[in-house]
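> One structure coming up, written as structure tokens, with questions to follow.
Any read-out appearing in this document is the output of simple, stated calculations on the displayed coordinates, not a laboratory observation. Here the structure is a predicted model, which means the values were calculated and not measured. Here the Cβ is made from the backbone with ideal geometry for all residues, glycine too, and neighbour counts use every protein chain on show.
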């Protein structure tokens, strides 16, 4: 009797749309988490430290004495020392001109080896050669053997791309060149942007950092590079926290929607409910009818919403892959997440319909009898 009311379909659809939001968000978060877990298996840079200018606002603005690298090499606790010079340069490829980041290192092959990079071609050795990150290579449409012009101020040099590298780090969007080439572009060889160093595994890290800090000038600072696993776990935790807060909002709206649905049902079905009361139906039976209607409505809406949310995100990701073939997004929803969403939606619906099913309905029946 109650399910024949005209508002049943709209109530189911309202719950379905709310649940679809949760299902789609869970699907996308699962994809992000799967990618983050894959990143944890990559070669990280944990234990890496940087020496920077204390007053610099960015890596490109940092300027420190290149001879500080020799002081670090003399410390027995230091495993590797790698000075780097980072420049904001103008890159000209054919008719395209754009600003890119150029990273100069003493030995490009060693730099790439320490990062576990995949290299298509060879590492740059001469001051007329450069490696390009795979992300930047796609953006500027260059390949191995192409010649490009790099300019910093009035200094413009032509180099040949000898390799495309993949490091899964910031270097994928940069040009990697020998330090000599970076110095020629910058017009000097006495300064570098930063010095990257790693500490030996058997050394006391805290003691080593304190000793190095006392050894270096006061205008520089030593900072630790964010370790990949800790960063990924922190990102996952923040994502889960945000999703939990957003889910509470959605479930609150579901409870409010159930309150409205139950109130409207009682108002529209007052005659039928009064007749049932007159025929001897107890108050508990009437309460059970309203509660059952709301729960079934929420159940059907939840099932429809989970299906819509999951299918919608997968359809959107498929369309995106058609538009941009390089994008790989595979959202998915786990069975326990679907069950949890279903149960919490039912609980929210019950919470929202209890009050209108008890108090207003009971008062109305007395008056009409």
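> Between residue 253 and residue 139, what is the FRET efficiency for a Förster distance of 30 Å, r being their Cβ-Cβ separation, to the nearest 0.05? Don't jump to the answer; show the numbers that get you there.
Working: r = 42 Å, r/R0 = 1.40.
Once the sixth-power term is evaluated, E becomes 0.10.
> Can you put 258, 24, 120, 317 in order of Cβ neighbours within 10 angstrom, beginning with the fewest? All intermediate terms of the calculation are to be shown ahead of the outcome.
Details: 258 29, 24 22, 120 13, 317 17.
Listed from fewest to most nearby Cβ atoms, that is 120, 317, 24, 258.
> Per-residue counts of other Cβ atoms within 10 Å, averaged by peptide: what ranking do you get for 181-190, 197-206, highest first? Walk me through the numbers on the way to the answer.
Numbers: 181-190: 17.3, 197-206: 14.1.
Top of the packing list down: 181-190, 197-206.
> So for 90, 341, 208, fewest C-beta neighbours within 10 Å to most, what's the order?
By the 10 Å Cβ count, ascending, the order reads 90, 208, 341.
> Could you give the distance between the Cα centres of region 49-75 and region 93-163, to the whole Å?
For region 49-75 versus region 93-163, the Cα centre distance is 23 Å.
> Now for a different question. Mind ordering 129-140, 99-110, 209-220, 148-159 by average Cβ neighbours within 10 Å, highest first? Walk me through the numbers before you get to the answer.
On the way: 129-140: 21.5, 99-110: 19.2, 209-220: 13.4, 148-159: 15.3.
For the peptides 129-140, 99-110, 209-220, 148-159, the packing ranking is 129-140, 99-110, 148-159, 209-220.
> Moving on to the next point. Once label points are set 7 Å from the Cα along Cα→Cβ at both residue 307 and residue 118, what is their separation, rounded to one decimal in nm?
Distance between label points: 4.0 nm.
> Measuring from label point to label point, each 7 Å out along Cα→Cβ, what is the residue 321 to residue 287 span in nm?
That separation, rounded to one decimal, is 5.2 nm.
> Still on this structure: Contour minus end-to-end for residue 225 and residue 158, with contour as 0.36 nm per residue of separation and end-to-end as the Cα-Cα distance? Please report the intermediate quantities before stating the final value.
On the way: separation 67, 0.36 × 67 = 24.12 nm, distance 3.29 nm.
Answer, rounded to one decimal: 20.8 nm.
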